[in-house]
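A.B. asks: Before I ask anything, here is the structure I am working with.
Nothing in this text is a laboratory measurement; each read-out follows from the coordinates by a stated rule. Because the structure is a prediction, the values reported are computed rather than measured. All Cβ positions, even for glycine, are placed from backbone atoms using ideal geometry, and neighbour counts span all protein chains on display.
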Amino acid sequence: MTFATIHFAHNRGESTVSVMPGFRHLMHHLGDPSEFGLAVSGAVLTVDFLAPQAAPAIIEQFQSPAWALDFHLAQVKARVRGPLEEGWASLGLMRARVESSFHGFVTDQGVLICNPPGEGIDGRIMPGFECAAVNVPRTLWEECRVLAGVKRTTFGSVVAHRLPAEVYVRIERRLQVVRRQLRAANTLHMVRLASREAADFTRQVATLAWRLSAVPEEPARDSPRNRARLARRAEEWMRAHLSEAVQVTDACLALGVSRRELEYAFRGNFEISPRDFLQVLRLNAVRRALQLGTGEESVSRLAVDHGFTHFGRFAANYRALFRENPSETRGRRIVR
């Protein structure tokens, strides 16, 4: 696990770091979409808010070269996507009753999302989202395949499993014990003991994921997986045309699908219409441009450059989503 330097130049993102040899404990309070990129250890995430955030997200992370554990509590509806660190798998244990969606799977408490190496994070979270991510390096991932007695050498694509209630309760209890041990690890001896427990817990969850895995059947045309694929294709098309005054009908024609198919895909995966999704993508893109720009271009020019044709509506929608004016965002530019 690569230990990257963490720094936020504006006043909303707060991070505390505790580092000992081979071990790091981090606590983040994240208030802006641009800050969520580090929410999964080793990942590089892009987050777009789909609605205003009710409160800063709390992310607690424990990292070592041989495993990593992330604890998430977020109060926002948002689109989350991005690659994992090369060679690492990530197993997301859903811990809240709030429904979210990953790779077309609807998830809530007791669902285990299995992202094997080579597969990224791709989903939509909702306010009250709570998850523990167990991050596994390739060597340990392969060991767990052997421990699970699985003969095939590939895991397949992302898959979701609803754990039996007694299994979820057992894993949750052990997770809390490991978390307390890691939090209390303030000497090298305690770090070694807590790391050993964390590694064993990681092995337990990864072995369970392999045992639950099965060769997926080819999904039906209107299955949740195919609707998720369509939503992702449409999203990529929209991102590639943010600077143009395109509409949802343009996306339908480009992808060769009906408006109804696209509506079903977006409602099922993001709980938002394609039209509103395109708008928040543009608003998030303008926000990133304001935070990372030189300050020479006007806000109205940036709005036009991202496909907005009515500045008054743009400003009102920006305030509604981010609870501040574009000029206030510019005043707190991120220093990378």
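A.B. asks: Could you give the dipole magnitude of region 14-212 about its Cα centre, charging the beta-carbon of Lys and Arg +1 and that of Asp and Glu -1, in debye to the nearest 20?
C.D. replies: Taking the Cα centre of region 14-212 as origin, the dipole is about 660 debye.
A.B. asks: Counting other C-beta atoms within 10 Å, and keeping those with at most 13, which DSSP coil trypsin sites (Lys or Arg not before Pro) do you find in region 107-171?
C.D. replies: Sparse-neighbourhood loop trypsin sites (Lys or Arg not before Pro): LYS151, ARG152.
A.B. asks: Please report ILE58, ILE113, ILE171, ILE125 as a ranked list, fewest other C-beta atoms within 10 angstrom at the top and most at the bottom.
C.D. replies: Exposure proxy ranking, most exposed first: ILE58, ILE171, ILE113, ILE125.
A.B. asks: Can I ask one more? Going 7 Å from the Cα of SER18 in the Cα-to-Cβ direction, what parts of region 166-191 have a backbone nitrogen less than 17 Å from that spot?
C.D. replies: 176-191
A.B. asks: Using θ = phi - 60° and the Karplus form 6.51 cos²θ - 1.76 cosθ + 1.60, what ³J(HN,Hα) does each residue of region 105-112 get, whole Hz, x for Gly and Pro?
C.D. replies: So the Karplus estimates, Gly and Pro as x, are 8, 7, 10, 8, 4, x, 8, 10 Hz.
A.B. asks: Round to the nearest 0.05 the FRET efficiency obtained for GLN176 and ALA148 when R0 = 25 Å and r is the Cβ-Cβ distance.
C.D. replies: Efficiency at R0 = 25 Å is approximately 0.55.
A.B. asks: Under a 5 Å amide H to amide H cut-off, with H placed in plane at 1.01 Å, what residues pair with GLN109 once short-range neighbours are removed?
C.D. replies: Amide H to amide H, under 5 Å and 5 or more residues apart or across chains, GLN109 pairs with ALA96, ARG97, VAL98.
A.B. asks: At 0.36 nm per residue, minus the direct Cα-Cα distance, what do SER298 and SER327 gain on full extension? Give it in nm, one decimal, please.
C.D. replies: Once the chain is fully extended between SER298 and SER327, it gains 9.5 nm.
A.B. asks: Now for a different question. Return the sequence-ordered ³J(HN,Hα) values of region 61-70 in whole Hz as given by the Karplus equation 6.51 cos²θ - 1.76 cosθ + 1.60 applied to θ = phi - 60°, using x for Gly and Pro.
C.D. replies: In residue order, the calculated couplings are 10, 10, 10, 8, x, 9, 5, 7, 10, 10 Hz.
A.B. asks: Per residue of region 77-93, in order, report the coupling 6.51 cos²θ - 1.76 cosθ + 1.60 (Karplus, θ = phi - 60°) as ³J(HN,Hα) in whole Hz, putting x for Gly and Pro.
C.D. replies: Along region 77-93, the couplings run 8, 8, 8, 10, 7, x, x, 7, 4, 4, x, 9, 9, 9, 10, x, 9 Hz.
A.B. asks: Further question: List the trypsin sites (Lys or Arg not before Pro) in region 44-109 that DSSP assigns to loop (not H, G, I, E or B) and whose Cβ has at most 10 other Cβ atoms within 10 Å. Which are they?
C.D. replies: Those that pass, being in a loop and sparsely packed, are ARG97.
A.B. asks: For every other residue with a beta carbon closer than 9 angstrom to the beta carbon of ILE125, add +1 if it is Lys or Arg and -1 if Asp or Glu, then tell me the sum.
C.D. replies: +3
A.B. asks: Hey, if you put +1 on the Cβ of every Lys and Arg and -1 on every Asp and Glu Cβ in the chain, which of LEU175, VAL304, TRP88 ends up farthest toward the positive end of that dipole?
C.D. replies: LEU175
A.B. asks: A further question on this structure: Around ALA185, which amide H atoms from residues at least 5 apart in sequence, or from another chain, sit under 5 Å from its own amide H, with H modelled in the peptide plane?
C.D. replies: Counting only residues 5 or more places away or on other chains, the set is empty.
A.B. asks: Further, regarding this structure: Using a 10 Å cut-off around each Cβ, can you sort HIS310, HIS72 from fewest to most neighbouring Cβ atoms? Intermediate values should be presented prior to the final figure.
C.D. replies: Working: HIS310 10, HIS72 24.
So the residues, fewest neighbours to most, are HIS310, HIS72.
A.B. asks: Give, as a single signed number, the net charge of other residues whose beta carbon lies under 15 Å from the beta carbon of ARG232, with Lys and Arg counted +1 and Asp and Glu -1.
C.D. replies: Details: positive: ARG79, ARG81, ARG124, ARG225, ARG227, ARG229, ARG233, ARG239, ARG267; negative: ASP48, GLU119, ASP122, GLU235, GLU236, GLU261.
With Lys, Arg at +1 and Asp, Glu at -1, the net is +3.
A.B. asks: Follow-up. What's the local net charge at HIS310, with K and R +1, D and E -1, over the other residues with C-beta under 15 Å away?
C.D. replies: +4
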